Structure formats: C-alpha cells, structure tokens
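Peer 1: Handing you this structure, nothing more for now.
The values are calculated or read from the model by the stated rules, or taken from the named source; none is laboratory data. All of these numbers come straight from a predicted model, not from anything done at the bench. Backbone-built Cβ (ideal geometry, glycine too); neighbour counts: all protein chains shown. In case anyone asks, the SASA skips ligands and DNA or RNA and just uses the protein heavy atoms, side chains included. Shrake-Rupley method; radii C 1.70, N 1.55, O 1.52, S 1.80 Å.
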Amino acid sequence: MREARERTFVSLANIPDLTDISLDAQTLVAGSMVTHQDLCDAITGAPDLAALATAAGTSATPAIRRMATLGGNLCTRDFHSADLAPALLALNAKVTLETSSGRQTLSLEDYLNTPVDQPHILLRVTVPRTAARSAHVRLMQRQAGDYPLAVVSLSAVITPDGALRDLRIAVGSVEKRARRWRALEALCEGQTMTSDRIRAHAVLRASQDFVGRDAVDGQGWYRLRVLPALVARAFSDMSRTEQGAGR
C-alpha cells in the first residue's frame, strides 16, 4: 500500500519456546505465540479447561483462529472484546514476562489491571489444573466474526451436595477490560445454586457492579441487560459438564 513505516517490527513466530503447549495433570503451559486453534485442539476434552477451549475455539472466524495468538489477545489492551482474557481469569491463570530487569511472573488479573511499567515480552501463560468445571459463553450481535457484546466465563467445584466452591466468574466485553465479578462470586460461594437463582443474583448486581461501555456494536445498557442471562447459561453449561463426568 506504500504506506510509510515508522517502526521496526520483529516476529516472534519462529521461537520454539513461544509456540509450545504443555499439558499434564498439574498445569497447562502455553507459549504466547500459540494460536487460538492450536490451543483449542490441545485442551478440548479437559473439563476444568472447557471455558478456555470454548473461548479459543469460537472466537472470531476459523481463518483468524489459525493466525491469532494467545499473547496478541492478552497484550492488545485496547481490544475490549478479547475472548481469552475472561476465560483465563476464571481459570486463575498467571503470565510470565521477560523484561529489561529480568523475568517475572504475575497473575493475569494483575497484568490486566496494573500494566507493567517497562518494555516486556509475554513469554507464556500458566493455568493450574483443578477439580473444577468451567464454561464460557458469548453473545453476538449478528453472526460469527462480530465482536461479542458480552462474555462470561465461569469456573467452580461442585460438591456432592450441589454447593459451589472456589467459584470464579469473569466478564468480558462489557467494560474496557475483562475482570472478575467478585460481588456475584461472594453471593454464590458455598451455596447450592440453580440457573434461575444465579441469574436472579446477577440481575440484582449487574447495574451496581458494572458500567457498560457504549460502542458502535452495542450500547452499555444492553450489555448489562444480557449479562444475567449469560451467567445462567454458563452455569447450565458447567453443570451439564459436571453431570456428564458423574455418569
């Protein structure tokens, strides 16, 4: 296009450590250059990682999923609708960075909320394996390829009596950045929940806990209105996974 190039770009695509995926009984470790599709293929079938598999396997379009990377999804801070961020928040992920002062590891939550104040490269993402089940749902405006209006990822251990333990709920696309829904977590932690009950709690909390962003693809008030239904859907999906595992 004969546009002036004001910067020099360096590709990280051929660095083996950044494209590796390691999955065992304790952890998932994925390099920052792992594509959405490769990530989905590697973890599909793991119930605790179901939220991440769904997020990676349904984002954007098939062509984009084969190109878009884990690191690109997390490091593009002005991209409000990233699918992987809420899924990884719900799964208690950590990121490892290489900086000018050395390597450091911090929670994804800290990385998203308190940007590193020096140049860095995101090397890898580490997710602990647990006994939890997880789910990820997104609401589209029209069709695949659009940015989601709202995203909910949920992870929890469901006890034999049906109570939720270690509940983590993350919301994306509603505000500028994905974040945990801690108030709703606190209301539901240790409780025996149904889809209707968790939706009712979400209805009471949504407008208090979030300020929906206005954009060309949707208004803030609408993002808040659909949020409780997405929470209920995520809970239903997670519960079905748990019931299937118990058969």
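Peer 1: Which peptide among 218-231, 81-94, 126-139 comes first, and what is the full order, when sorted by highest mean count of other Cβ atoms within 10 Å?
Peer 2: Answer by packing, highest mean first, reads 81-94, 126-139, 218-231.
Peer 1: Now a separate question. If you wrap a convex hull around the alpha carbons of the stretch 47-153, what volume per residue comes out, as a whole number of Å³?
Peer 2: 100 Å³
Peer 1: With every protein chain kept in place and ligands, DNA and RNA left out, what is the accessible area per residue of the chain? Probe 1.4 Å, answer in Å².
Peer 2: 51 Å²
Peer 1: If only Cα atoms are counted, what is the Rg of the stretch 1-61, and what is its Dmax, in Å?
Peer 2: Cα-based Rg and Dmax for the stretch 1-61 come out at 15.5, 50 Å.
Peer 1: Ok, one more. I need the P(r) histogram for the stretch 121-247: all alpha carbon pairs, bin width 10 Å from 0 out to the longest distance, whole percents.
Peer 2: Bin by bin from 0 Å, the calculated values are 13, 43, 30, 13, 1.
Peer 1: Given the peptides 31-37, 163-169, arrange them by the average over their residues of other C-beta atoms within 10 Å, most packed first.
Peer 2: Listed from highest to lowest mean packing, they are 31-37, 163-169.
Peer 1: Have a look at Thr192, Thr96, Thr19 and tell me which one the Gaussian network model of the chain (Cα, springs below 10 Å) gives the largest fluctuation.
Peer 2: Result for the chain, Cα springs under 10 Å: Thr192 fluctuates most.
Peer 1: Calculated from DSSP H runs of 4 or more alone, at -39500 (n - 2.57) each and per residue, what is the 222 nm mean residue ellipticity of the chain, nearest 500?
Peer 2: Helix-only estimate at 222 nm: -11000 deg cm²/dmol.
Peer 1: Could you estimate the translational diffusion coefficient of the chain from the Stokes-Einstein equation, with Rh from the Kirkwood formula over C-alpha pairs, at 10 °C and 1.306 mPa s, in whole µm²/s?
Peer 2: On the way: Rh = 18.5 Å.
Calculated translational D: 86 µm²/s.
Peer 1: Based only on Cα atoms, what Rg/Rh ratio does the stretch 131-175 have, Rh being taken as Kirkwood's radius?
Peer 2: Value, to two decimals: 1.14.
Peer 1: Work out, in µm²/s and without decimals, the Stokes-Einstein translational diffusion coefficient of the stretch 106-189 at 4 °C, 1.567 mPa s, Rh from Kirkwood over C-alpha pairs.
Peer 2: The diffusion coefficient I find is 86 µm²/s.
Peer 1: What full-extension length gain, to one decimal in nm, is calculated for Ser195 and Gln118 as 0.36 nm per residue of separation minus the Cα-Cα distance?
Peer 2: Between Ser195 and Gln118, full extension yields an extra 23.4 nm.
Peer 1: What percentage of the solvent-accessible surface of the chain, computed with a 1.4 Å probe over protein heavy atoms, is contributed by carbon and sulfur atoms?
Peer 2: Ligands and nucleic acids excluded, carbon and sulfur reach 51 percent.
Peer 1: Now a separate question. If you build the Cα gyration tensor of the stretch 1-113 and take the root of 5 times each eigenvalue, what three semi-axes come out, in whole angstrom, biggest first? Each step should come with its number before you reach the end.
Peer 2: Details: eigenvalues 111, 66, 42 Å².
Equivalent-ellipsoid dimensions as semi-axes: 24, 18, 15 Å.
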